[in-house]
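Scroll down for the structure; my scribbles are underneath it.
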Amino acid sequence: MRGKLGIAAACVVALGAIPATASAAKFKYGVTSAEATSNSIILWTRAPKSGKVVVEVAPARSFRKKNTRRKSQTARKSHDNTVRIKVRGLKPSASFYYRFRQGRSKSQVGRFITAPRASNTKAFRFAYSGDASAQPAQGQSKPFFGTFKAYGSMAAEHNAFNINLGDTIYSDPEVPNTPPALTLPQKWAMYKQNLALPNLRKVRSQASMFNQWDDHEFINDFTPPEMGNAIYRAGASAFRDYMPNGFKGKTGLYRHVRWGKNAELFFLDERSFRSAKASANHVCDNPQTGQPDFAPTAPQSTRNLFAVAIPSLSQPVSQACLNAINDPSRSLLGKSQLARFTTDIKKSTAKWKIIVNEVPMQQFYADPYDRWEGYAAERTKVVGLLASVKNTVVLTTDTHANMYNDIRFQTLEPGGVKNSGVNEMVTGPVGTRTFDQEIDVATGKPGNGALATNAFFKPQPPNGVGMKCFQTNEFSYTEVQVSGRKLVLRPKDQNGKRLKNPDNTNCGPYTLNAK
């Protein structure tokens, strides 16, 4: 397959070698394309100033007049001078170049590939990751968590498209003494801070993107009932201005996109319509800590094993907390989205059904309130749906770790392991605290993150959850190769190298064979 992509790869390399001009520098936040279909694309930039902006789209970088299409839009201060121009009537499976003009100023040149027709069987590749903050420490100029090398490695792969999957900014950065961004202008500033890094601009310009939000576009562990509509409106508006996407008022960010005969991608919006977390109103507070219990869904026998490191686990979980977690009236997707997704995935004729998922579905018990485990009844329903459909796979970020496992109906509960046959690959982060670091902070004890990985994530049930990949302390992403016969997941570190587990075993690649 790499040979088939050789010409396209060479074009991208040539594109990346074009030096920046003084004119292009005025479009300092770069260009991007998004939401590619077989006949349309959304093209984005932030203009140097308010006023008319023209985009040019052509099959060649020369932009000859007779082959170049032009559309215009007015950049307005109400959208921080960003423009999002949708171009329709494009040919399937075709390469296009684009650039923006405002007066005499021209942007850099970007490139995208349109999706193939639904009958096309050609293999393709894409990559995904998320969780990226360019926030510097107080008094510093360099980003606290690095320069987004993972995005640069994704760009170097010359994929058909890429997915920026959630926490594309951190409204509440994991950097000490940094105030949260709550207003629309503050969130705009966060996006510009990220786009100041060349690696992010590079991956956005060299292939089309699918952009998806999670909680930190709003605030940590966001739900509308708990945090309110003002934060939602600010977060959604800023995201739409800087991360071109398929948002619609009634359906949020839920959409499904066909990529040839081999794949259909289903993007689940897990923020817009969800119920309050089970931990709301202190229902799940542990009496020793006064905070939500660290592992309320774990059997007490498992909790007792880890009580030496986390003493509060010796306290039994209240029945009220367990009732809230298992309440069937609580929803992560909302009834309308769940019904729409159920219909759409059952109707899909694509070989692979790829679920682009914001928060993990697999079980690992630690701090479950914001994940699918915290919405247990709906989780069971959705896992059952996925298990009933051939050739499904779930792609996830959020946890700042790499975890590959079956999305089990149960793991440590009485009755033993019950697999679903559906696999999930969790990957990331690009640049923020890793899972190990977050667990250390949450529990107040250095080393607890590594302890959870080695003593619980790696061992097989009933001693642990038996993850095949359990790398919880690396910046990372995953490349996905799709054909009619197989789907291959290749977790990689930020430099594009094969990811290793803490015990030096390989984290992947994982090959799923079509049924």
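Among the residues making up segment 72-103, those that are on the phi < 0 side of the Ramachandran plot, loosely packed, with under 15 Cβ neighbours inside 10 Å and not hydrophobic (A, V, I, L, M, F, W, C) are S72, T74, R76, K77, S78, K86, R88, K91. When the residues of segment 17-30 are filtered to those that are loosely packed, with under 15 Cβ neighbours inside 10 Å and assigned to a helix (DSSP H, G or I), the one that is modelled with the lowest pLDDT is A22. The residues on offer are D503, D440, and the sole one that is more than 27 Å from N162 (Cβ to Cβ), part of a helix (DSSP H, G or I) and among the charged types (D, E, K, R) is D440. Against the list (1) within 30 Å of T511 (Cα to Cα); (2) in contact with a helix residue (DSSP H, G or I) (Cβ under 8 Å, 6 or more places away or on another chain), the condition F124 fails is (2). In this structure, N454 qualifies as modelled with pLDDT under 95, closer than 23 Å to N304 by Cβ, polar (S, T, N, Q) and outside any loop (DSSP other than H, G, I, E, B). Restricted to segment 66-142, the set of strands (runs of 3 or more DSSP E) holding at least 3 residues that are farther than 28 Å from S50 by Cα and in contact (Cβ under 8 Å) with a residue 60 or more places away in the chain comprises 124-129.
Each row is one residue, and each column tells you yes or no for (1) within 24 Å of A115 (Cβ to Cβ); (2) assigned to a helix (DSSP H, G or I).
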{"residue": "N211", "(1), (2)": "yes, no"}
{"residue": "D214", "(1), (2)": "no, no"}
{"residue": "I219", "(1), (2)": "no, no"}
{"residue": "F222", "(1), (2)": "no, no"}
{"residue": "R233", "(1), (2)": "no, yes"}
{"residue": "N245", "(1), (2)": "yes, no"}
{"residue": "R258", "(1), (2)": "yes, no"}
{"residue": "F266", "(1), (2)": "yes, no"}
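The number of residues in segment 31-65 that are in a loop (DSSP other than H, G, I, E, B) and either of a type in the set (F, W, Y) or without any contact (Cβ under 8 Å) to a residue 40 or more places away in the chain (or both) comes to 6.
The residue that is nearest to K458 (Cα to Cα), among those in segment 485-511 that are touching a residue at least 40 places away in the same chain (Cβ under 8 Å) and surrounded by fewer than 16 Cβ atoms within 10 Å (Cβ to Cβ), is D503. Being touching a Leu at 6+ places or on another chain (Cβ under 6 Å) and either closer than 15 Å to I113 by Cα or at pLDDT below 95 (or both) is a property that S33 has.
The values are calculated or read from the model by the stated rules, or taken from the named source; none is laboratory data. These numbers were taken from a predicted model, which means no experiment stands behind them. Cβ atoms come from the backbone with ideal geometry, glycine included; neighbour counts cover every protein chain shown.
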